[in-house]
């Protein structure tokens, strides 16, 4: 991809999310780019100049990513990958889509583009401290809720399974609260990533 975040593999500080190009599932849905059969070229810029581009084709069971990438000053190679969706149940018999990372096979909402587009865990990314401060109030409550269920992870992770011994009414109440916090968190994420967000053709 040859842009922000490409080829990072060392340094004294761990790489941070805001340094990488992102494909956010919530952003794609908001831009109505997930209609089956549709496609769009997404372009990133940095410092007033282009830093990367990718073609995304919407499929019924995921998205197809087409882009060029290279490691360091190596040769460019063409990437054509099918990133499938994983669906989880929501209240009222609804479903929520997630990307399935092609490396770890785990669910995620955001793909980060270094040499390849993968999840935050696979890139070893950390959130910028400024980002954590901006959303500290809402994220602290959401993290506390998930910690109660035994999960210590980022809010882009799926809601944890019901712990053994917890009543279903309690679990569903916490799940609904998490969903409300997720909506607020998602809106904040979209606003935060606007400065890095791709521009669709």
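The values are calculated or read from the model by the stated rules, or taken from the named source; none is laboratory data. If you're wondering where the values come from, they're calculated on a predicted model, not measured in any experiment. With ideal geometry, Cβ positions are generated from the backbone for all residues, glycine too; neighbour counts draw on all protein chains shown.
A few remarks follow.
- Just so you know, in segment 68-80 the residues that are in a strand (DSSP E or B) and surrounded by 14 or more Cβ atoms within 10 Å (Cβ to Cβ) include one that is modelled with the highest pLDDT, and it is 79.
- Taking segment 87-105 as the range and being free of Cβ contacts under 8 Å to residues at least 24 places away in the same chain and at negative phi as the test, the residues that pass are 87, 89, 94, 95, 96, 101, 102, 103, 104.
- Qualifying positions in segment 34-51 - on the phi < 0 side of the Ramachandran plot and modelled with pLDDT under 90: 40, 41, 42, 43, 44, 45, 46, 49, 50, 51
Here's the yes/no breakdown for (1) more than 19 Å from residue 21 (Cα to Cα); (2) part of a helix (DSSP H, G or I); (3) in contact with a helix residue (DSSP H, G or I) (Cβ under 8 Å, 6 or more places away or on another chain):
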position	(1), (2), (3)
52	no, no, no
56	no, no, yes
66	no, no, no
98	no, no, yes
105	yes, no, no
115	no, no, no
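- Residue match in segment 7-15 (condition: within 30 Å of residue 178 (Cα to Cα), surrounded by 16 or more Cβ atoms within 10 Å (Cβ to Cβ), within 16 Å of the chain's Cα centre (by Cα) and modelled with pLDDT under 70): yes
- Meets criteria (modelled with pLDDT of 70 or more and either exposed (fewer than 14 other Cβ atoms within 10 Å of the Cβ) or touching a helix residue (DSSP H, G or I) at 6+ places or on another chain (Cβ under 9 Å) (or both)) for residue 60: yes
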